Amino acid sequence: MKLMHREIPVELLRKLPAGIKIVNRGGEEFLVIEDVRCPQGHSLAVDSVRIHGEPSIKLHVKVKEDEGSIFVDAFWGSHAKLFSFLPSDLEGEPIVEASCPTCGTSLMEKRDCVLEDCGSNENILLKLPNGRDEIHVCGRLGCPGHQIKLAELPAHVSNAVSEINFFGARFDEMFGDI
């Protein structure tokens, strides 16, 4: 999937939270999550699997009866993923159950998806290193809904960053009739 540039709010650039960095690709600036953690403080960033040249975010996931690791692109708003397994049943864009690959702590939270037409009330909660800033990702495979909550910045900045999305192939389109 090709990276597409989206405008980054100036207020965020002036007060970049720990765990987020700016990278320049092709003369454009992109947000990259470089340090995200489980509720117990374990880092979820792994250098062993890189997407778009950056370390990915590793989660242990269960999709209906199948489970394994998923590696998520750390570029904010990208939905590129690599799986260590092939889910056998994708009917109805299932909800994943995500946990920390180090300690097994659940990353799931009850929270409505930010996209009204999704209907999911299951999100994956990721913490930035300061413990106050959070990333909420819809747990429904194929849904691009995500939100960032930045404690030190006004809500309009968090909202503007949350709206940055790069749309690629939907999950079910990637695997077809497998």
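Quick notes
- Output for region 115-140, where each listed residue is in contact with a Pro (Cβ under 8 Å, 6 or more places away or on another chain) and outside any loop (DSSP other than H, G, I, E, B): Leu125, Lys127, Cys138, Arg140
- Index of the failed condition, Ile22 passing every other in (1) touching a residue at least 24 places away in the same chain (Cβ under 8 Å); (2) closer than 22 Å to Asn130 by Cβ; (3) not aromatic (Phe, Trp, Tyr): (1)
- Residues being of a type in the set (Val, Ile, Thr), over 13 Å from His146 (Cβ atoms) and within 16 Å of the chain's Cα centre (by Cα) - total across region 89-126: 2
- When Pro154, Pro144 are checked against the criterion of being within 13 Å of the chain's Cα centre (by Cα), under 30 Å from Glu11 (Cα atoms) and modelled with pLDDT under 95, a single residue qualifies: Pro144.
The values are calculated or read from the model by the stated rules, or taken from the named source; none is laboratory data. In this text the structure is predicted, and so the values were computed from the model without any measurement. Backbone-built Cβ (ideal geometry, glycine too); neighbour counts: all protein chains shown.
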